Amino acid sequence: MADVKKVATRDSYGNALVELGAEHDDFVVLDADLAAATKTGTFKAAYPERFFDAGIAEGNLMGLAAGIATTGRVAFASTFAMFAAGRAFEQVRNSIGYPHLNVKIGATHAGISVGEDGATHQCCEDIALMRTIPGMTVVNPSDDVEARAAVKAAYETDGPFYMRFGRLALPVINDRPDYKFELGKGVLMREGSDVTIVATGLMVAAALEAAESLAAKGVDAEVINIHTIKPLDEEIILTSAQKPSSAASAAPCATCSPRSAPRPCARLACRTRMASRARRSIFSPSTAWMPRASRRRFSRSRGARLAHMRLRKGAGFGSPPFFVRAEGGRVLAGLCTGSGTGLFSAGDVAWA
């Protein structure tokens, strides 16, 4: 993807606000002294009378946005994800979520991809925190096209809305005529017959690259883009998981055939067969095969904790799946969000 156009979704956020401002005059944009970084400065330059800076006081930022929303205007509150979901969580929960106000949170610099900003600015918990707030919509766009569409959808959607943007420039992967952004609906990016990779945010482009690499090795991978974390499109995931796998019909090798085999070899047929002996999710008491791990027993709580600990240590571009399961012969792999946070929690997995 070296020759593919790359755009940071935080830039998309700023540009989308300007475009939206030209069409509607009933919303304002707020920031917390980070307009240059969050790219809301672009909106400020175009519509200075509709821009407000709360200073380095994120709790006040959310309080101001909530107050403005009570007057009938839509308020876009912008800052880094660490401050929006972390420092100001109480204000978001009680002042925005509880009264179900029309506040749209634009959280930039999310996840570990901020790199040089350091660990204090690498928010790996924002998706988990925001999705627990009743009525909160959570969207994690994968590229420029999706980010612009998400901003428009946020304006048109009643109630609190959390948008997750990155600092890192991402390949534009959705610039095709048939692309349609729809809240709560996943996007089938690539069909495959052996493996399903479910990804969100910056990991979608990485998942497509991984699928190409797998294809060179004879593995046909399906890639699903889940841009809306809440509400989650369970149907597209379960439909893909229930598809028959061409690997399931292949016979395992002689070494992996006995049930006493300690672990499967590299052949897809062997890995699929061994994984199918596990229960339906690593979040239930079962034996499951995971990358860089031998057979382990997981309880609902311990399995989730171990998966999260592993992600915190090794997530990022090119990260391996954090769980693998088999349903009707199809292996389903869930990729991390590129931020050290798993796409699913135990409560999200419909088959657990």
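Nothing in this text is a laboratory measurement; each read-out follows from the coordinates by a stated rule. Owing to the predicted nature of the structure, the values given are computational and were not obtained by experimental measurement. All Cβ positions, even for glycine, are placed from backbone atoms using ideal geometry, and neighbour counts span all protein chains on display.
General remarks:
- When Rg and the Kirkwood Rh are both derived from Cα coordinates, the Rg/Rh ratio for the stretch 1-84 amounts to 1.02.
- Spatial offset of the stretch 1-65 relative to the stretch 107-183 amounts to 14 Å, using the alpha carbon center of each.
- Over the stretch 28-68, the fraction of Cα-Cα pairs per 5 Å bin, rounded to whole percents and listed from the shortest bin up, is 6, 27, 32, 24, 10, 0.
- The simple spin-label model puts a point 7 Å past each Cα toward its Cβ; for ASN60 and THR132 those points are separated by 2.8 nm.
- The string of couplings for the stretch 68-80 from the Karplus curve (6.51, -1.76, 1.60, θ = phi - 60°) is 5, 5, 5, 8, x, 8, 8, 10, 9, 9, 10, 5, 5 Hz, one whole number per residue in order, with x for Gly and Pro.
- The stretch 1-158 - convex hull of the alpha-carbon atoms, volume per residue in Å³: 112 Å³
- For the stretch 152-162, the Karplus equation 6.51 cos²θ - 1.76 cosθ + 1.60, evaluated at θ = phi - 60°, returns couplings of 5, 5, 4, 4, 7, 9, 7, x, x, 8, 10 Hz by residue, with Gly and Pro reported as x.
- Listed values for the stretch 120-131 are Karplus-derived 3J(HN,Hα) couplings in whole Hz (6.51 cos²θ - 1.76 cosθ + 1.60, θ = phi - 60°), namely 5, 9, 8, 7, 10, 10, 4, 4, 4, 5, 5, 6, and x replaces Gly and Pro.
- For the stretch 110-176, projected area of the alpha-carbon convex hull averaged over all directions, nm²: 5.2 nm²
- Cross-linked pairs LYS5/LYS243; LYS6/LYS230; LYS104/LYS243; LYS6/LYS185: Cα-Cα separations exceed 31 Å for LYS5/LYS243; LYS104/LYS243.
- Net charge of neighbours whose Cβ lies under 14 Å from the Cβ of ALA37, counting Lys and Arg as +1 and Asp and Glu as -1: -3
- The stretch 152-230, relative contact order in percent, only Cα pairs under 8 angstrom and at least six apart counted: 36 percent
- Amide hydrogen neighbours beyond the local backbone of PHE80, cut-off 5 Å, H modeled: THR108
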